[in-house]
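Heads up: the structure comes next, in structure tokens.
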Amino acid sequence: MPNTSSRSTNAPATAEAAKRGPLATPAEVAEYLGVPVKTLYQWKYRGIGPKVHKVGRHLRYRWSEVDAWVNARSAYGLAV
């Protein structure tokens, strides 16, 4: 039966994003970027890192925003 819901679906851009889920912890993003968690906190303080969201008292990143941040800062446009 076809989906007749009026809600839009936000399909992940890649298969990798589908495995990761929509939100990431600072530890997951740090591992993905290959930097210490402390660096993410410094980037947040300086306003130069990926956009971060507070969920309650916890920091969370959207994978789509992390990927967009990486792509925007990649040298020579070589990011995948």
Tensor-based shape of region 20-75 (alpha-carbon gyration tensor, a/c under 1.5 rounded, otherwise prolate or oblate): rounded
Say each of THR25 and HIS53 gets a label point 7 Å from the Cα, pointing the same way as Cα to Cβ; how far apart are those two points in nm? 1.8
I need the peptides 57-64, 38-45 ranked by packing, meaning the mean over residues of other C-beta atoms within 10 angstrom, with the highest value on top. 57-64, 38-45
Find out how many positive minus negative residues lie around GLY49, taking Lys and Arg as positive, Asp and Glu as negative, among other residues whose Cβ is under 11 Å from that of GLY49. +3
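Only the coordinates and a few stated rules stand behind these numbers; no lab work does. Given the structure is predicted, the values throughout are model-derived calculations rather than measurements. Every residue, glycine as well, gets a Cβ built from its backbone with ideal geometry; the counts of neighbours run over all protein chains shown.
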